[in-house]
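The values are calculated or read from the model by the stated rules, or taken from the named source; none is laboratory data. Note that this is a predicted model, so its numbers are computed, not measured. Cβ sites come from the backbone with ideal geometry, for glycine too, and all protein chains shown count toward neighbours. Ligands, DNA and RNA are excluded from the accessible area calculation, which covers all protein heavy atoms including side chains. Shrake-Rupley method; radii C 1.70, N 1.55, O 1.52, S 1.80 Å.
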Amino acid sequence: MKNLLNAVRIIGDPVLRQKARPVVFPDDVPEITGLVRFMEKVLESHDGLGLAAPQVGRSVRLFIATPDRLEELNGHVVFINPEIEPYGEMEKREEGCLSIPGIYETLSRPSMVKIKALDLRGNTFFLDVGDLGARLIQHENDHLDGILYVDRLSPIKRKLLKGKLKKLRGGESLD
Ligand code: NI
């Protein structure tokens, strides 16, 4: 059994920079069922709100969330092959990421998002989400394209973070 606390890949790990591949139904189902179960344990052990598959080293288009803390997700936990459409006013919120431990930064993103995704049974669902859920979906969806939230900070903020990020495992520079 892998150590749950060491399971999360940290900035500098190349898997966080890959564009993840779509999940194929039904071929990938046995594999992703196990993956989701593992990700749920990892998320719980870190007390996080969301986790994308690349963060545990699997480059597939899937993320999970904790719906008990995000009513706006309507009970959905697993988001597979998501397609999102952010919209609405830009809104500032503080973000953090389990792959960038100890760093929290305020970032502007659209306040609302429409999402189409598949559940573990391969059924399509649609949600129109605001609040923290909208932020979480945009953050996790970025992970599937190899984007980390610090990439979206202003050049000045990124420059200020450079030293801190280099100290994290891997020492990846943002430049
Ligand atoms: Ni993250």
Between K159 and D145, 0.36 nm times their residue separation minus their Cα-Cα distance comes to what? 2.8 nm
Residue farthest toward the positive end of the dipole of the chain, with Cβ of Lys/Arg at +1 and Asp/Glu at -1: which of P67, P86, T106? T106
How much length, in nm to one decimal, is gained on full extension between F125 and Q18, taken as 0.36 nm per residue of separation minus their Cα-Cα distance? 35.9 nm
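So if I average 1/r over every pair of distinct C-alpha atoms in segment 4-168 and take the inverse, what Kirkwood radius in Å does that give?
Details: mean 1/r = 0.0622 Å⁻¹.
Evaluated on segment 4-168, it is 16.1 Å.
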Of G96, G57, G88, which is the most mobile in a GNM of the chain whose springs link Cα atoms less than 10 angstrom apart? G88
Dipole-positive endmost among L165, C97, V77 within the chain (Cβ charges, Cα centre): L165
So, in nm, how far is label K166 from label H46 when the simple model puts each one 7 Å beyond its Cα toward the Cβ? 2.5 nm
Here the gain from full extension of Y87 to D27, 0.36 nm per residue of separation minus their alpha-carbon distance, amounts to 18.2 nm
Dipole magnitude of the chain about its Cα centre (Cβ charges: Lys, Arg +1; Asp, Glu -1), debye to nearest 20: 860 debye
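Rank Y104, Y87 by accessible area, highest first, at a 1.4 Å probe radius?
Heavy-atom accessible area, descending, gives Y104, Y87.
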Considering only lysines 8 or more places apart in sequence, or on different chains, count the pairs in the chain whose C-alpha atoms sit under 16 Å apart. 4
Expected vector for segment 62-72, Karplus 3J(HN,Hα) from phi with 6.51, -1.76, 1.60 and θ = phi - 60°, integer Hz, x for Gly and Pro, equals 7, 9, 10, 9, 9, x, 5, 9, 9, 3, 5
So if I take the centroid of the Cα atoms in segment 128-160 and the same for segment 49-123, what is the distance between those two points in Å? 9 Å
Of I115, I103, I64, the one that fluctuates the most in a GNM where the chain has Cα springs shorter than 10 Å: I103
How large is the accessible surface per residue of segment 4-168, computed with a 1.4 Å probe and reported in Å² as a whole number? 49 Å²
